[in-house]
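These notes are about the structure you will find just below.
The values are calculated or read from the model by the stated rules, or taken from the named source; none is laboratory data. The structure presented is a predicted model; accordingly, all values stated were derived computationally and were not measured. Cβ placement follows ideal geometry from the backbone for every residue including glycine, while neighbour counts extend to all protein chains displayed. In case anyone asks, the SASA skips ligands and DNA or RNA and just uses the protein heavy atoms, side chains included. Shrake-Rupley method; radii C 1.70, N 1.55, O 1.52, S 1.80 Å.
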Amino acid sequence: MSLTRRQLKALNLEESAIEEIISAHVKTVDDIRQERDALLKEAEELRAKTAEMDRMADESARVTAEYDAYRQEVMRQAHQEKAKAHLRTALLDAGANEKAIPLLMHALDPDALTFEGDTPVNTADLIGPVKAAYGDFFSRKTCLPTPPIAPPSPTQGMLTCDDIRRMSESDILNNWSAVRSALTKGV
């Protein structure tokens with residue numbers, strides 16, 4: 001509420017009292033304006049700080065998201081490398097031709113391999129279909145009987161060239177005179 005000189009004169013106040021009241025009123029209004037201006041300036045500074053903090057929070061969220069994506073990619077690559085090593089070993093154990101391993105690895109999905117600790121869980125489930133589809137790249141283990149080895153029979157000094165071929169070095173040395181005579185006769 002503003003006071004005017006006319007209102008104060010209507011109250012029958014002396015001129016010095018009116019001057020005092022008006023100067024006090026002006027001082028009060030000036031103080032209020034200064035306080036208002038200071039608060040407006042403080043509010044503007046707070047708005048600027050809030051905007052800066054919002055910008056920093058957005059930047060922090062962006063960096064955090066980038067870091068999380070990077071960390072997930074690194075973890076995925078580490079899992080893939082670990083899975084590829086296990087799958088390579090499993091392919092070799094299943095009888096895969098070592099030169100065909102790179103080709104066979106393209107048929108496998110390393111991300112599908114699951115682990116319990118460091119032990120792969122579903123290796124056979126992944127290798128089975130590949131082995132069925134690309135069976136020609138896997139060796140088939142066949143057990144052939146080993147033929148019995150017959151030692152050379154003593155021939156009372158008469159050896160043949162076939163006998164000499166079957167003899168070991170020690171047998172040749174032990175029967176050198178018989179071997180020499182067979183070689184000279186050409187039997």
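At-a-glance table
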quantity: Where the stretch 1-83 is the region considered: accessible area per residue in Å², 1.4 Å probe; calculated: 86 Å²
quantity: Simple label model, 7 Å out from Cα along Cβ direction - D58 to V26, nm; calculated: 4.8 nm
quantity: Lysine pairs with alpha-carbon atoms under 29 Å apart, the chain, spacing 8 or more or separate chains; calculated: 12
quantity: Surface accessible to a 1.4 Å probe, D163 within the full protein complex, Å²; calculated: 20 Å²
quantity: Accessible area, probe 1.4 Å, largest first, for residues V29, V130; calculated: V29, V130
quantity: Rounded percent of accessible protein surface that carbon and sulfur make up, the chain, 1.4 Å probe; calculated: 57 percent
quantity: The chain: most fluctuating residue of H86, H25, H106 per GNM, C-alpha cutoff 10 Å; calculated: H25
quantity: Using a Förster distance of 35 Å, the FRET efficiency for K9-K41 (Cβ separation, nearest 0.05); calculated: 0.35
quantity: Stretch gain in nm, segment R33-N174, where the contour uses 0.36 nm per residue and the Cα spacing is subtracted; calculated: 38.0 nm
quantity: Residues E73 and A107, FRET efficiency given R0 of 30 Å [Cβ-Cβ distance, rounded to 0.05]; calculated: 0.80
quantity: Area of R71 that stays accessible when all protein chains are in place (1.4 Å probe, Å², to 10); calculated: 100 Å²
quantity: Residue with peak Gaussian network fluctuation, the chain [Cα springs, cutoff 10 Å], from T64, T160, T114; calculated: T160
quantity: Computed E for Y134/D162 - FRET, C-beta separation, R0 30 angstrom, nearest 0.05; calculated: 0.10
quantity: Solvent exposure, largest accessible area first (probe 1.4 Å, DNA, RNA and ligands not counted), of M167, M105, M53, M158; calculated: M53, M158, M105, M167
quantity: Which labelled figure in (1) 303; (2) 140; (3) 162 is volume of the Cα convex hull per residue in Å³, once derived from the coordinates; calculated: (1)
quantity: Accessible-area value, D37, 1.4 Å probe, nucleic acids and ligands omitted, Å²; calculated: 80 Å²
quantity: Protein-only accessible surface order, largest first, of L13, L159 at 1.4 Å; calculated: L13, L159
